[in-house]
Amino acid sequence: MAIVIEPYREEHQAAMQEFNRRLQAAGGGPDLVFYRSSQPHWLPRAENSSVYNEYFVALEGVAVRGAYALKHEKILVGGSDLHSVACYHHPLSEGVVSRSYAAVGGLLLRDALKRQPRLYALGMGGLDRPLAKMLAAMGWRLYLVPFYFRVVHPYRFLRQMRSLREARWRSVLMDLGALTGVGPVALRVLQGAARLRSASARPFLAEQVDGFEGWADSLWLAARSECSMTPARDSETLKMLYPAADKHFTRLRIKRDDAIIGWTVVGERRRDSKFGDLRVGSIIDCWAASGDKLAVLLAATEALQARGMDLIVANHSHRVWGQAFQSAGYFKGPSNFVFAASKELTELLQPFDQNKPSFHITRADGDGLPRNF
Amino acid sequence: MISRFRVRNGSSCTQKSEHKLTSSLFEQVRTIASDLFDVAPEGITAESSPETLEKWDSVQHLSLVLALEERFHCQLTPEEIEHMHNIGGVVRVLEGKLQSASG
């Protein structure tokens, strides 16, 4: 029977539950399920929405054999031109359950490209994961978005990381010389040295705000030319990404001499077995002009430390933000956060290698917000 | 069902008898599959499928589609991709496509 891919509707929901049940029975983790509701709870489509989700199902008769989602949004390229793109996320295939359906994964991807040729994907857990490999096979451009971390409580951190023996963190610990047994001291010294550098940052004031208003638009206009590509960060988009009713996020507005110089969104990540019992905070998103990025990151760090985080993590693609992270006492660690651009999107972002160090991509992009926070 | 496809640079096959076309086509597909699935050519039969070849997963299935499109200068439709349940199915899909292009 032929596979037909069409928008996910209410009539498909029962079959979707069965699909999810089969995925779980095949040993899929808790994230290996598609949305139960055909109507997106996160970023539903509304009139004049510039950011919204659409869901699609692959049907064999009345049975669901696959599904995927597109997050439609606007990106700014070259500091001035807005373009429509979409994030390809949550692709799931019956191929996980039965190899008879090995074709479904490729059919989902091709269908998505027909609907929106300018696609990106973000996250994926690393270049060696199946989706990343599939995108590479299709000729997409892939690279790892830099990862930064700051250890707030070194003793707890090292105790947890040693016991977890998670490969990525083991390489970090070895780099820090933690296996010699002087890890906590080494961490304090290394981060202390960075703190001395950041002490030279000019004074600032951070205030918690409930939402983003016109002041965010001024910042958007002032700093967007520093990015060769950035998803929209105007006030209307930010209101949709971080609705005031969502208490998972802490929104900070940073001022200096009464002038608003930037904003940041921070939050505590959902508990994850790879971090053991650690409380992990994330600098989810941030925005400021060049000279003010350090102050914004220091404000974010202080806010997360005050909330009792043991470890603070972030991903950011922009080179200048990366320098600010390191000035703020963050280490650069091994990343598994992949950004992948379809052929058409890559064409729009040419020269790609020259431009990518000034892409503005953070954990706020892709499908990370509801998944991780 | 009518398959829609786009032939980019013309068929790579000249006029041959059906038997020779089939045999030659099978060998070409077998070579591609052997390389992709890391199996000796003798280990690839018409019945070889994702269920019998360990490395024939979703990623490699897509790679197979792309390799075939490049090798035979054609664009496979979703319906055709679905019919590629095993190597025999792959050959049959390509036979139909190439014969239509040359006919």
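Of the candidates A:Thr250, A:Thr264, A:Thr237, the single residue that is β-branched (Val, Ile, Thr), in contact (Cβ under 8 Å) with a residue 60 or more places away in the chain and touching a Ser or Thr at 6+ places or on another chain (Cβ under 9 Å) is A:Thr237.
Consider the range A:1-60 and keep the residues that are in contact with a Ser or Thr (Cβ under 6 Å, 6 or more places away or on another chain) and charged (D, E, K, R). The one that is nearest to the other protein chains (Cβ to nearest Cβ) is A:Arg9. Residues in the range A:225-281 that are among the polar types (S, T, N, Q), more than 28 Å from A:Asp353 (Cα to Cα) and not in a strand (DSSP E or B): 2 in all. Summed over the range A:337-373, residues that are in contact (Cβ under 8 Å) with a residue 24 or more places away in the chain, of a type outside the set (A, V, I, L, M, F, W, C) and assigned to a loop (DSSP other than H, G, I, E, B) total 6.
Quick check, is B:Leu62 out of contact with any Cys (no Cβ under 7 Å at 6 or more places or on another chain) and more than 9 Å from every other protein chain (Cβ to nearest Cβ)? Considered against the rule, which asks whether it is out of contact with any Cys (no Cβ under 7 Å at 6 or more places or on another chain) and more than 9 Å from every other protein chain (Cβ to nearest Cβ), B:Leu62 comes out as no. Residue count for the range A:58-84 satisfying the condition of being in contact with a helix residue (DSSP H, G or I) (Cβ under 9 Å, 6 or more places away or on another chain) and among the basic types (Lys, Arg): 2.
So which residues in the range A:206-224 are surrounded by fewer than 18 Cβ atoms within 10 Å (Cβ to Cβ) and either at positive phi or part of a strand (DSSP E or B) (or both)? Matches in the range A:206-224: A:Glu207, A:Gln208, A:Val209. In this structure, is A:Leu70 under 14 Å from A:Pro7 (Cα atoms), surrounded by 17 or more Cβ atoms within 10 Å (Cβ to Cβ), modelled with pLDDT of 95 or more and within 14 Å of chain B (Cβ to nearest Cβ)? Criteria not met by A:Leu70. Residue count for the range B:25-59 under the criterion of being within 11 Å of chain A (Cβ to nearest Cβ), farther than 15 Å from B:His85 by Cα and outside any helix (DSSP H, G or I): the result is 0.
Applying the condition of being modelled with pLDDT of 95 or more and of a type in the set (A, V, I, L, M) to the range A:325-346 and asking which residue is farthest from A:Leu122 (Cα to Cα) yields A:Leu345. Identify, please: which residue in the range A:214-246 is within 22 Å of A:Ala46 (Cα to Cα) and among the basic types (Lys, Arg) and is, among those, farthest from the chain's Cα centre (by Cα)? Restricting to residues being within 22 Å of A:Ala46 (Cα to Cα) and among the basic types (Lys, Arg), the top hit is A:Lys239.
Answer with yes or no whether B:Glu95 is in a helix (DSSP H, G or I), touching a residue at least 60 places away in the same chain (Cβ under 8 Å) and within 11 Å of chain A (Cβ to nearest Cβ). Here the answer is no, as B:Glu95 does not meet what is asked. Residues of the range B:65-79 that are acidic (Asp, Glu) and at the interface with chain A (Cβ under 10 Å from one of its Cβ atoms): B:Glu79 alone.
Out of everything in the range B:80-92 that is touching a helix residue (DSSP H, G or I) at 6+ places or on another chain (Cβ under 8 Å) and either free of Cβ contacts under 8 Å to residues at least 40 places away in the same chain or small (Gly, Ala, Ser) (or both), what residue ends up being farthest from the other protein chains (Cβ to nearest Cβ)? So that I can check it myself, show each step before the final result.
Pass one, the range B:80-92, residues touching a helix residue (DSSP H, G or I) at 6+ places or on another chain (Cβ under 8 Å): B:80-85, B:87, B:90-91.
Then keep just the ones that are either free of Cβ contacts under 8 Å to residues at least 40 places away in the same chain or small (Gly, Ala, Ser) (or both); that gives B:81-85.
On the way: B:Ile81: 5, B:Glu82: 6, B:His83: 9, B:Met84: 7, B:His85: 7 Å.
Going through the qualifying residues, I end up with B:His83.
Which is touching a strand residue (DSSP E or B) at 6+ places or on another chain (Cβ under 9 Å) and of a type in the set (Gly, Ala, Ser), of A:Ser327, A:Ser342, A:Ser290?
Being touching a strand residue (DSSP E or B) at 6+ places or on another chain (Cβ under 9 Å) and of a type in the set (Gly, Ala, Ser) holds for just one of A:Ser327, A:Ser342, A:Ser290, which is A:Ser342.
Looking for something part of a strand (DSSP E or B) and either aliphatic (A, V, I, L, M) or surrounded by fewer than 22 Cβ atoms within 10 Å (Cβ to Cβ) (or both) - is there at least one such residue anywhere in the range A:284-301? Yes, the conditions are met somewhere in the range A:284-301.
The values are calculated or read from the model by the stated rules, or taken from the named source; none is laboratory data. From a predicted model like this one, the values you see are computed outputs, not experimental measurements. So basically every Cβ, Gly included, is an ideal-geometry build from the backbone, and we count neighbours across all protein chains shown.
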